[in-house]
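The values are calculated or read from the model by the stated rules, or taken from the named source; none is laboratory data. Quick caveat, the model's predicted, so the values are computed rather than measured. Here the Cβ positions follow ideal geometry from the backbone for every residue, glycine too, while neighbour counts run over all protein chains shown.
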Amino acid sequence: MDQNKFHEAIQIYTNILGIDSYNIAALFGYGDALTILKEFQQALEQYRKIKKLKKDLIIVFLKIGLTLGSMGQNKKALKYFIKAQNEIMEDHKLEWTRSKEVEINELLRQTLNYFNIQSLNKEELLVYGTISQSIISAHILIRFKHYDEAQHILNQLKSSNPNNDQIFCLEADILLVSAKFDEAELSLNKAVKINPNSCYTWVKLSKLFQNHFYSNDFNNIRQIYRSVISIRQCNIKSVPSQS
């Protein structure tokens with residue numbers, strides 16, 4: 001590796017950021033070059049600037065997670081992989097460019113490889129590793145229309161984790177692709193039964209009703225959104241006040 005080239009690249013990115021400190025491409029490029037040079041702490045600083053700007057959150061969460069993993073901060077890394085998962089699950093209606101698809105696929109490949117080489121205990125694997133990263137992969141496969149592969153992941157997850165609400169949400173997404181709306185509703189109802197405090201599931205259920213069942217019956221939709229509001233209010237009330 002010719003480190004001089006990376007130092008030259010860093011100088012170019014520094015010059016760009018001196019003119020435009022919010023240049024996302026330069027921040028990513030700067031962080032990536034620092035990562036290759038194993039200047040992980042400085043790389044994190046660049047990625048966190050992007051996070052503060054709330055731009056390209058899927059990519060930046062995965063890069064922060066991988067960088068933290070390279071620093072041996074495994075638990076912090078796992079938290080960012082979970083953040084990436086949540087962002088992907090909420091990002092279904094956004095269009096990805098081809099280059100963004102390729103980059104996210106590569107980052108996911110690196111993430112899955114990261115999990116393969118970690119000595120995580122059984123509990124960490126269950127909570128952070130196998131389930132979460134498999135769900136990420138399945139949602140990406142659905143987006144890229146690789147439905148059979150997504151179904152294969154779902155089957156594996158359901159056989160070993162029958163009471164996980166996120167898995168039933170994933171099942172609903174796969175069923176919706178095949179226009180199996182009644183079955184998708186059943187899956188979402190199972191998710192609600194497991195975790196009635198998940199706003200994500202309630203909103204998915206309301207969208208299903210609005211788009212496919214009760215487009216003219218707003219009472220059903222209104223009732224679901226009341227449930228979401230109630231959950232959010234309870235969550236806010238449960239936060240201790242700061243004196």
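Given the criteria under 16 Å from LEU107 (Cβ atoms) and not in a helix (DSSP H, G or I), does LYS55 qualify? Yes. Restricting attention to segment 102-159, and to residues there that are farther than 25 Å from MET71 by Cβ and aromatic (Phe, Trp, Tyr), which single residue is modelled with the lowest pLDDT? Only one residue tops the list, namely PHE144. Does ILE50 fit the bill of being outside the structural domain of SER134 (by TED's automatic domain parsing) and within 29 Å of GLN166 (Cβ to Cβ)? Criteria met by ILE50. For segment 35-46, the condition holds for at least one residue, the condition being that it is free of Cβ contacts under 8 Å to residues at least 60 places away in the same chain, surrounded by fewer than 18 Cβ atoms within 10 Å (Cβ to Cβ), of a type in the set (D, E, K, R) and at positive phi.
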